[in-house]
Structures are given as C-alpha cells and as structure tokens.
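What follows is a short report on a single structure.
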Amino acid sequence: MDLRYGTNPQQQAAAAAPMRPGRWPVRVLHGSPSYINMLDALNSWQLVSEAGKALRRPAATSFKHVSPAGAALSGPVDDVTAELYGIDRASVGALTSAYLRARDADPKSSYGDFAAVSHPVDAELAELLTRVVCDGIIAPGYAPGTVAALSKKKNGRFLVMEADETYTPPRHEAREVFGLRLTQQRDEVTLSTALLDDVVCGTLPAAASEDLLLGLVVLRYTQSNSVCYLRDGATLGIGAGQQSRVDCTRLAGAKADTWWLRRHPAVRALAFHPDIRRQDRINWQIRFIEGDLTPDESLRLSEALSTPAPELTARQRATWLAGLDKVAFVSDGALPFRDNVDHAHRHGVRYIAEPGGSIRFAEVRDACREHQITLARTGLRLFHH
C-alpha cells in the first residue's frame, strides 16, 4: 500500500506491506493514509478492540500523534458535552456516547483527531463525525450509507478504514531504525481485573476496578512515560511521552482539573456570539479557566462574548476542584517516589494501579495510606514506544 508520505511530507516513497502476504489487518475504504495516519489507526484500533472486549461495552478513542487524547466506554453524556455537540443526551446511542465522552476528555487536543470505535459505525455516529474536526476513523464495519456520507467530509479527503476483527498479529514484531532491525515478542498478556487483586491498602469497589482496567488498556497504547486519570468509564486526563513520570502526573492532572472546571457554572455561563465556532469556544473556555489571559487575549475574549465574562476567582476554582472525587489513576511504570501520589491526590484520586517494585515502594504505599487512597499493585509494566 502506497502511503501519502512518511512522518513528514518531505519523506516520500512511504509504503505499508503486510507481514503475512495477502493478509491485511486493516483496509482503506476511502482516502489516502499517511505514515502517521496508519500508526494512529493501528494503535487506536487495538485500544478500542481490547477495551471493548475486556469491559464488554462499546469503546472509543480520540487519537493525536500516536497517543490517545481521550478514551471512553459507552455511558451517560452530561449536559456540558451534550450542549457542546448539539445532541440530545437522553437519546444518544451507545457508540456515539463512547466517542463523545472520549473526545470530551481533552477537546483542545482532539481537534483534528483520528477516531476509533470498537463496533460498526452507525448513522448517528457518522452524522456526528461530519460535524466535528476529525481526520479519519477506523472501525470493524460500517452501516449502509455511512461510508458514502463520511467520504464527502474534508472535500473528499476524510480517511475511512476498516479493521479485520478476525486478524491475529504475528507473535513477533520488528522495526527498523538507522539501519538496525529491532525485534521483540509482542506483548500478549491479557489485561483483566485479575491484575488488580493485589490490593496493598484500602478497598477497591467494582466501578473503580473497571476504571483502572480501562486505564491499563489505554496506557498499553500510549507513548511512555504515561499515566491517566479516569472516572465513570472515561479518561479525564492523559499524560504521555514525558521523561519524568511526575511531569506526566502533573500534566494529566491539570487536564483532569480543566475537564472538571469546564463544568463550573461560571464557565458554562460564558455567552458566545452565535458565529463563534465550537473549537474557538472550547479554546476560550480553557483560557478562561487557566486565568492568565494577556491584555490582548482579554480583549479578544470580550469581543467573542455577547455579555461580559462572569467572575471565576482562585477561591471559586479551589472550592469547585474540591468536588472532584472518586478518580482512578493508572501508571504504565512503577511510581519511583511518593510525589506522584501527592500530586494525584490533589485531583480527586481515590484509587491507584501501578506495577509496584520501585526501591521506594514503601514510601508510595505510605503516601496512599496517608491520603486514604486504595493502591493496587499489578506487577505488570506497560511501556509503549
């Protein structure tokens, strides 16, 4: 398969070929994928396929630059998300709800995403995709008429791909870097709630166990170092590809706070002019939440609003953030210091799953006990590069 170009447009003559002659794990139904499109498709499909099977519910993810910006299972869509995307939260279908919840985890990053869903695309999801800025989708099938509808998006450049649910990948995988071929055994460990049986301290309710399991699946396909915060079957913040694990924890925690603050009455009261586009509204909401607008930004925000912006003080932020609770936190590698626990606690975390085994594990355990956080030791590292 010829690809549009490599990682960058100047890298031409890109191609993809199956490891087993004639057996493709995916096929292109419309559009022309680039190298990164293909990486996003292959990684995102594995994530939703594994999540859907492990948790027995439709799953979706919103991918950007070979890592998920958000991932979620089907579930209730709240008023904030429903208003943003103009849908009836009471009648939204399961698959559409999964994608909406995944995209709403970090809607700033999901702009121009690559979507993946665990079940065949129906007419409802296809209609939603035609209204959001999204570059492509991979799914195990498509309802009649949905491929034709999606093919018109982006002036015919929207990428539609279909995954083969029956495909079994080779036991070994390889990549070539700077003239060397690196080969390793594929990570085939089954992810299940059994990995959470070693509860070091606290108790683990069933709902929290499912959130932690979803987090393990998400991080399996997220560039390391990585952590994620989750609640009610959806990610709230994902920190990916940082050299320091605590930087991942802080970055993802800030995203979780932003997700929660977008539900604050003052943020919901921002009255934008009708001609202000959805993504501009999202970006302005986030800048308003961050609170460090420059004079020029303050002027442009006021011009985008039909009424003056309400007040959102530091005390109001702190009071609202104190209401974020029952959050799950997963780390793809061992927590090396207690600082990760201290930072996670600031963002409503009550449940943590991590491999364990660090030299200072006793300090991590003691920090969890101090903050009344349940700690589950999985014994499984999930680095992804």
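The values are calculated or read from the model by the stated rules, or taken from the named source; none is laboratory data. Owing to the predicted nature of the structure, the values given are computational and were not obtained by experimental measurement. Here Cβ is always computed from backbone atoms with ideal geometry, including for glycine, and neighbour counts include all displayed protein chains. These accessible areas exclude ligands, DNA and RNA; they are computed on the full protein's heavy atoms, side chains included. Shrake-Rupley method; radii C 1.70, N 1.55, O 1.52, S 1.80 Å.
As a summary of the residue check, Leu312 satisfies the conditions (1) open to solvent by 40 Å² or more (accessible area, probe 1.4 Å); (2) over 21 Å from Ser226 (Cβ atoms); (3) assigned to a loop (DSSP other than H, G, I, E, B) except for the one numbered (1).
When the stretch 331-347 is limited to residues that are more than 25 Å from Ala318 (Cβ to Cβ) and hydrophobic (A, V, I, L, M, F, W, C), the one that is surrounded by the fewest Cβ atoms within 10 Å (Cβ to Cβ) turns out to be Phe337.
The set of residues in the stretch 248-270 being in a loop (DSSP other than H, G, I, E, B) and open to solvent by 40 Å² or more (accessible area, probe 1.4 Å) consists of Ala269 alone.
Being among the basic types (Lys, Arg) and open to solvent by less than 50 Å² (accessible area, probe 1.4 Å) is true for just one of Arg220, Arg181. Which residue is that? Only one candidate passes the filter, namely Arg220.
In the stretch 118-148, which residues are of a type in the set (A, V, I, L, M) and touching a Pro at 6+ places or on another chain (Cβ under 7 Å)? Those that are of a type in the set (A, V, I, L, M) and touching a Pro at 6+ places or on another chain (Cβ under 7 Å): Ala139, Ala143.
Taking first residues from the stretch 68-84 that are of a type in the set (D, E, K, R) and partners that are open to solvent by less than 20 Å² (accessible area, probe 1.4 Å) and assigned to a helix (DSSP H, G or I), the Cβ contacts under 9 Å between residues at least 6 apart in sequence or on separate chains come to Asp78/Asp104.
For the stretch 143-201, please list each of the strands (runs of 3 or more DSSP E) lying entirely inside it that holds at least 3 residues being within 30 Å of Ala367 (Cβ to Cβ).
Numbers: elements: 159-163, 172-177, 180-185, 199-201.
The qualifying strands (runs of 3 or more DSSP E) are 199-201.
Sub-9 Å Cβ pairs linking a first residue in the stretch 270-292 that is free of Cβ contacts under 8 Å to residues at least 60 places away in the same chain and closer than 14 Å to Arg317 by Cβ to a second residue that is assigned to a helix (DSSP H, G or I) and among the β-branched types (Val, Ile, Thr), at least 6 apart or interchain, are Gln285/Thr258; Gln285/Val267; Phe288/Val267; Ile289/Thr258; Ile289/Val267; Glu290/Thr258, ordered by first then second residue. Here Thr81 clears all of (1) open to solvent by less than 30 Å² (accessible area, probe 1.4 Å); (2) at positive phi except the condition numbered (2).
Among residues of the stretch 223-235 that are open to solvent by less than 10 Å² (accessible area, probe 1.4 Å), those with a Cβ under 7 angstrom from a residue that is among the aromatic types (Phe, Trp, Tyr) and in a strand (DSSP E or B), sequence gap 6+ or separate chain, pair up as Val227/Phe329; Tyr229/Phe329; Thr235/Tyr229.
When residues of the stretch 315-328 are filtered for being within 13 Å of Arg346 (Cβ to Cβ) and either touching a strand residue (DSSP E or B) at 6+ places or on another chain (Cβ under 9 Å) or open to solvent by 50 Å² or more (accessible area, probe 1.4 Å) (or both), how many remain? Selection size over the stretch 315-328: 5.
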